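Here's the structure we're looking at; comments come further down.
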Amino acid sequence: MTSLERDAPAALAEPVERVGRGWTASLSLANGAIWVGWYGPLQILLASQAKDFAPGSGMSKETMLAWVTAAGAAVSLVANPVFGALSDRTTSRRGRRTPWIVAGAAGGALSLLLLAGADGVWTMAAAWCLVQLTLNAAFAAVTAAVPDRVPRLQRGSVGGWLGAAQILGVVGGTGLATAAGGIGAGYAACAVFTAVGVLPYVVRYEDLRLAAADRPPWSWRGFLAGFWLSPRRHPDLGWAWLTRFLINLSNALVLLYLLYYLRDRLHYGDPDEGVLILTAVNGVTLLATVVVAGVWSDRTGRRKPFVIWSGVLMAVATAALAGWQTWPGAIVAAAVLGVGFGVFTSVDFALMTDVLPKALDRGKDLGVINVANALPQVAAPALAAPIVTYLGGYRVLYLVAAVIGLAGAVLVGRIKGVE
């Protein structure tokens, strides 16, 4: 540790004390609650609304869903780094991150209720954009809390628990949307869980406060210029961003039309139930690897081999969806994807925090990195819709996804500053 790091304010210092299980569990629950708010709609509810609104609109249900999800993803591209940067500069008595977690979760819950009342494609798109805006405020603050409080050699295990909460949020959101008994009830259930799930963390744990004297002077030019992280000045951060983008794009291509794949390609009898089953299978195998991989990575002090081989495994599973288009094939692919994505989720998160340039900008920099999670939601519909409609259907879609994921795995080797 340098003398500068020793003398830094608590909010900006490199953390050295390990966090406890309660802190990790509460932050993980908050993270899972946010993912419930995202994936109840993404897995089930938005697709069901698109199916209802498409007749007479001049758009197919696939195209309508693609446009709505892409619009929301475009909002998240801006929202995540902006709210991360705002939380970096927040000098509230409740700390830098907590006010944004509270406001984002509450706003997300209200936005989900607005989405439940949508009566057409335009109101559906507007409400989904509002969901993305608010939940990204909360998500940016939750992820920034890790480099604020967790020492480097504990970040793999904490990242593993956050990843476990993420997949439980995906499964839980899908389950709530399916079991609630209707679109409106599904949105209401997701909204309640999102609002309540952040409470243990924000009520029980005090956030680190930033003194007004430690906040840099404000200027619009400096604020906006801070969002450009030069790959030339920070090459490891650039390569890390690109690898995360490619692997997440591959995963987004697999998930986007899963409901329609089961209905139109596999002719599965109950596609809603099929999505829930595949999500659960994926979640079980992900949970089996996500924490173990993070702890193993911490103990060895190595990150890159875990990320490389997880990306390769996910590419193989995605290619299997193209070549083995049956219900048993879908189950096997979901299981293998879960193993790979579990390893990737925990260790890649730790890798990202290891390449952050400055403590003062942790929230903003992680927000820029998180664009690699959101941008695939914009790119995936743009790629998937023409492939499915005009360029060979689902077989070609999943082959393209496999190649993209494999490229992301290979490029991890270009990161030099992390063992």
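The values are calculated or read from the model by the stated rules, or taken from the named source; none is laboratory data. All values reported here derive from a predicted model rather than from experimental measurement. Note: ideal-geometry Cβ built from the backbone for every residue, glycine included; neighbour counts use all protein chains shown. What goes into the accessible areas is simple: the full protein's heavy atoms, side chains included, and nothing from ligands, DNA or RNA. Shrake-Rupley method; radii C 1.70, N 1.55, O 1.52, S 1.80 Å.
Here is a check on your reading of the model: is THR98 farther than 23 Å from GLY186 by Cα, among the β-branched types (Val, Ile, Thr) and touching an Asp or Glu at 6+ places or on another chain (Cβ under 9 Å)? It is true that THR98 is farther than 23 Å from GLY186 by Cα, among the β-branched types (Val, Ile, Thr) and touching an Asp or Glu at 6+ places or on another chain (Cβ under 9 Å).
Restricting the search to region 288-303, which residues are surrounded by 19 or more Cβ atoms within 10 Å (Cβ to Cβ) and not β-branched (Val, Ile, Thr)? ALA293, GLY294, SER297, ASP298, ARG303, listed by residue number. Residues of region 162-211 that are open to solvent by 40 Å² or more (accessible area, probe 1.4 Å), at pLDDT 85 or above and in a loop (DSSP other than H, G, I, E, B): TYR205, GLU206. For region 272-289, state whether one or more residues are outside any helix (DSSP H, G or I) and either closer than 22 Å to GLY393 by Cβ or touching a residue at least 24 places away in the same chain (Cβ under 8 Å) (or both). Within region 272-289, none of the residues are outside any helix (DSSP H, G or I) and either closer than 22 Å to GLY393 by Cβ or touching a residue at least 24 places away in the same chain (Cβ under 8 Å) (or both). Scanning region 363-376 for residues that are aliphatic (A, V, I, L, M) and under 29 Å from ARG263 (Cβ atoms), which turns out least open to solvent (accessible area, probe 1.4 Å)? Of everything passing the filter in region 363-376, ALA374 is least open to solvent (accessible area, probe 1.4 Å).
Of all residues in region 319-340, those being small (Gly, Ala, Ser) and open to solvent by 50 Å² or more (accessible area, probe 1.4 Å) number 1. Here TRP67 meets the list (1) farther than 17 Å from LEU366 by Cα; (2) open to solvent by less than 10 Å² (accessible area, probe 1.4 Å) almost entirely, failing just condition (2). Reported count of residues in region 11-61, each being among the β-branched types (Val, Ile, Thr), under 22 Å from ALA138 (Cα atoms) and assigned to a loop (DSSP other than H, G, I, E, B), is 1. Considering the conditions (1) touching a residue at least 24 places away in the same chain (Cβ under 8 Å); (2) out of contact with any Phe, Trp or Tyr (no Cβ under 7 Å at 6 or more places or on another chain), ASP264 is excluded by exactly one of them, (1).
As for region 231-239, it holds at least one residue that is open to solvent by 20 Å² or more (accessible area, probe 1.4 Å), under 22 Å from LEU411 (Cβ atoms), of a type outside the set (Lys, Arg) and not in a helix (DSSP H, G or I). Going through region 86-115 one residue at a time, which ones are open to solvent by 10 Å² or more (accessible area, probe 1.4 Å), assigned to a helix (DSSP H, G or I) and modelled with pLDDT under 90? Correct list: LEU86 only.
For region 89-103, which residues satisfy the criterion of being on the phi < 0 side of the Ramachandran plot and in contact (Cβ under 8 Å) with a residue 60 or more places away in the chain? Explain how you work it out, then say what you get.
Restricting attention to region 89-103, the residues satisfying the condition of being on the phi < 0 side of the Ramachandran plot are 89-94, 96-103.
Hits for region 89-103 are ARG89, THR90, THR91, SER92, ARG93, ARG94, ARG96, ARG97, THR98, ILE101, VAL102.
Scanning region 264-276 for residues that are surrounded by fewer than 18 Cβ atoms within 10 Å (Cβ to Cβ) and of a type outside the set (D, E, K, R) yields LEU266, HIS267, GLY269.
Could we say that ALA118 is outside any helix (DSSP H, G or I), surrounded by fewer than 24 Cβ atoms within 10 Å (Cβ to Cβ) and of a type in the set (Gly, Ala, Ser) here?
Numbers: outside any helix (DSSP H, G or I): yes; surrounded by fewer than 24 Cβ atoms within 10 Å (Cβ to Cβ): yes; of a type in the set (Gly, Ala, Ser): yes.
In short, yes.
Each row is one residue, and each column tells you yes or no for (1) open to solvent by 50 Å² or more (accessible area, probe 1.4 Å); (2) among the polar types (S, T, N, Q); (3) within 24 Å of the chain's Cα centre (by Cα).
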{"residue": "VAL378", "(1), (2), (3)": "no, no, yes"}
{"residue": "LEU383", "(1), (2), (3)": "yes, no, yes"}
{"residue": "ILE387", "(1), (2), (3)": "no, no, no"}
{"residue": "LEU391", "(1), (2), (3)": "yes, no, no"}
{"residue": "ALA401", "(1), (2), (3)": "no, no, yes"}
{"residue": "ILE404", "(1), (2), (3)": "no, no, yes"}
{"residue": "ALA409", "(1), (2), (3)": "no, no, yes"}
{"residue": "GLY413", "(1), (2), (3)": "no, no, yes"}
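All of (1) modelled with pLDDT of 80 or more; (2) outside any helix (DSSP H, G or I) hold for GLU419 with one exception: (1). Checked against (1) over 17 Å from ALA380 (Cβ atoms); (2) within 15 Å of the chain's Cα centre (by Cα); (3) among the small types (Gly, Ala, Ser); (4) open to solvent by 10 Å² or more (accessible area, probe 1.4 Å), ALA74 passes all but a single condition, namely (1). Just one of the numbered conditions (1) within 18 Å of the chain's Cα centre (by Cα); (2) over 19 Å from ALA380 (Cβ atoms); (3) open to solvent by 10 Å² or more (accessible area, probe 1.4 Å) is not true of GLY56: (1). Could you go through region 135-142 and let me know if any residue there is modelled with pLDDT of 90 or more and touching a Lys or Arg at 6+ places or on another chain (Cβ under 7 Å). Yes, the conditions are met somewhere in region 135-142. The single residue among TRP122, TRP128 that is free of Cβ contacts under 8 Å to residues at least 12 places away in the same chain and aromatic (Phe, Trp, Tyr) turns out to be TRP122.
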